[in-house]
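J.: The structure is given below, and queries will be raised subsequently.
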Amino acid sequence: MKKRALTLTVVGNITSNYGEGLGNVSSIQKVFKNGDIYATRSRESLKNAIMVQSGMYDDLKVTVNGATQKAVDENLNVSNCRALEGGYMNTSVGKDKLTYVRNSSFYLTDAIACDPFVSEARFHNNLYLANAYGKANGINLQDKKAAKETGLMPYNYEYDKSLKIYSITFDLSMIGKDENFKVEASKEEKAYRVNSILETIENLSLIVKGNLDNSEPVFVVGGMSDRMTHQFENIIRVKKGRFHITDDLKERIANGYKVALLEGDNFENEMEIIKELNPISISKFFRELKEEVKSHYEV
């Protein structure tokens, strides 16, 4: 039977994204679980980064009609617009102002830190810019009252970059298909879309507070699946840099899945992982998986 899903669980050294801010203080997003607080990068933030970096949003068109939403109609839909692959809801399509909803064909979890959050505050200011403005306008920054005119302002933010775990699962039967308009992309286009997202995950980078962070996988497990679920979400655990190897993990891997590791002492027990799980390289993992996707779509 042809497998209808593709599932991956990834461990990466990933920055958190920011939630609420108070004045000149920015706080990272966090979740509470198992009695502790963990830093996180939300699934929405991850999905947006993947769609942008993969080029899937290059053909994005937006309408503003009471709400800002992706443009959709009979001539612009999932079959010919890659930006809509991640799902849409449009409430004003056509003369009859119909509402069309199409779920995403791939699903992400939040990327949650492996260990409890430890606050790391970073302090900054815009002194150089304020000083440049002051020189150009004859303002002495030593004069506290006059210095306000330059916009001089200290600010600080929480920072977190740590090992985080997230999962992504594709519904391969939905790729390129828009049932609202009874249209479908070519099999070549379907394979291209899945593989462009896989390639992005392999080389993922994120921009946070103006900094470029390498968020590539240091460990990944998964592959083609007959079940539409995050197969490894509940059994991949890392605590204090040590990757947990369990019988459940090994049994599940034995059901036709692959494991990849980026060697470089990213885990305390790297040699144990190599011995017990026999991982391949990250590049080989994604190269072989992309070939499986092409075979699935017969291209």
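Just so it is clear, none of the values below were taken in a lab; they were calculated from the coordinates. These numbers come from a predicted model, not from an experiment. Heads up, the Cβs are rebuilt from the backbone with ideal geometry, glycines too, and the neighbour counts pull from every protein chain shown.
J.: Angle, helix 127-136 long axis vs. longest principal axis of the chain, Cα atoms, 0 to 90°, nearest 10?
T.: 50
J.: Shifting gears a bit: State the Cα centre-to-centre distance between the range 202-249 and the range 73-145 in whole Å.
T.: Result: 23 Å between the Cα centres.
J.: Taking a 21 Å limit on the Cα-Cα distance, which of the listed pairs Lys3/Lys275; Lys187/Lys290; Lys2/Lys177; Lys164/Lys209; Lys164/Lys294; Lys3/Lys70 fall beyond it?
T.: Working: Lys3/Lys275 29 Å; Lys187/Lys290 14 Å; Lys2/Lys177 18 Å; Lys164/Lys209 19 Å; Lys164/Lys294 29 Å; Lys3/Lys70 31 Å.
As for pairs spanning more than 21 Å Cα to Cα, those are Lys3/Lys275; Lys164/Lys294; Lys3/Lys70.
J.: Is the shape of the range 143-251 rounded, prolate or oblate, going by the alpha carbon gyration tensor and its root eigenvalues a ≥ b ≥ c, with a/c under 1.5 for rounded and a/b larger than b/c for prolate?
T.: Values: a/c = 3.47, a/b = 1.56, b/c = 2.23.
Verdict is oblate for the range 143-251.
J.: Among Thr91, Thr68, Thr169, which comes first, then next, by fewest other beta-carbon atoms within 10 Å?
T.: Details: Thr91 15, Thr68 8, Thr169 23.
Fewest-to-most ranking of Thr91, Thr68, Thr169: Thr68, Thr91, Thr169.
J.: At Glu188 and Lys209, where each label point lies 7 Å from the Cα along Cα→Cβ, what is the point-to-point distance in nanometres?
T.: 4.6
J.: Could you work out [θ]222 nm for the chain from helices alone, using -39500 (n - 2.57) per DSSP H run of at least four and dividing by all its residues? Round to the nearest 500 deg cm²/dmol. Please list the in-between numbers first.
T.: On the way: 7 runs with 72 residues, N = 299.
Mean residue ellipticity at 222 nm (helix-derived): -7000 deg cm²/dmol.
J.: Please give the FRET efficiency for Asp248 paired with Glu216, using the beta carbon to beta carbon distance and R0 = 30 Å, rounded to the nearest 0.05. Spell out each step's value before the answer.
T.: On the way: r = 26 Å, r/R0 = 0.88.
Between Asp248 and Glu216 the formula returns 0.70.
J.: Could you tell me which trypsin sites (Lys or Arg not before Pro) in the range 1-65 are loop residues by DSSP with no more than 16 other beta carbons within 10 angstrom of their beta carbon? Present the calculation step by step, with values, prior to reporting the outcome.
T.: On the way: sites: Lys2, Lys3, Arg4, Lys30, Lys33, Arg41, Arg43, Lys47, Lys61; in loops: Lys2, Lys3, Arg4, Lys61.
Qualifying residues, ordered by number: Lys2, Lys3, Arg4, Lys61.
J.: Also: Starting at the first residue of the range 50-67, write each ³J(HN,Hα) from the Karplus equation 6.51 cos²θ - 1.76 cosθ + 1.60 with θ = phi - 60°, in whole Hz, x for Gly and Pro.
T.: 5, 5, 5, 5, 6, x, 5, 9, 5, 9, 5, 10, 10, 10, 10, 9, x, 9
J.: I've got another one for you. When the expected Rg is taken as 2.2 N^0.38 Å, what fraction or multiple of it is the alpha-carbon Rg of the chain?
T.: Values: Rg = 23.0 Å, N = 299, 2.2 N^0.38 = 19.2 Å.
Its radius of gyration relative to the 2.2 N^0.38 Å reference: 1.20.
J.: Nearest 10 degrees is fine. How inclined is helix 187-202 to the longest principal axis of the chain, computing both from alpha carbons?
T.: Helix 187-202 sits at roughly 50 degrees to that axis.
J.: Treating the angle as unsigned and between 0 and 90°, give the value, to the nearest 10°, between the Cα long axis of helix 282-296 and the longest Cα principal axis of the chain.
T.: 50
J.: Hey, another quick one. Using a Förster distance of 35 angstrom, determine the FRET efficiency expected from the C-beta separation of Ser295 and Asn34, and round it to 0.05. Before the final figure, lay out each step's value.
T.: On the way: r = 40 Å, r/R0 = 1.15.
The value I calculate is 0.30.
J.: Also: I'd like the FRET efficiency for Asp226 and Tyr155, computed as 1/(1 + (r/R0)^6) with the beta carbon distance as r and R0 of 41 Å, rounded to 0.05.
T.: Details: r = 51 Å, r/R0 = 1.24.
Given R0 = 41 Å and the Cβ-Cβ separation, E is 0.20.
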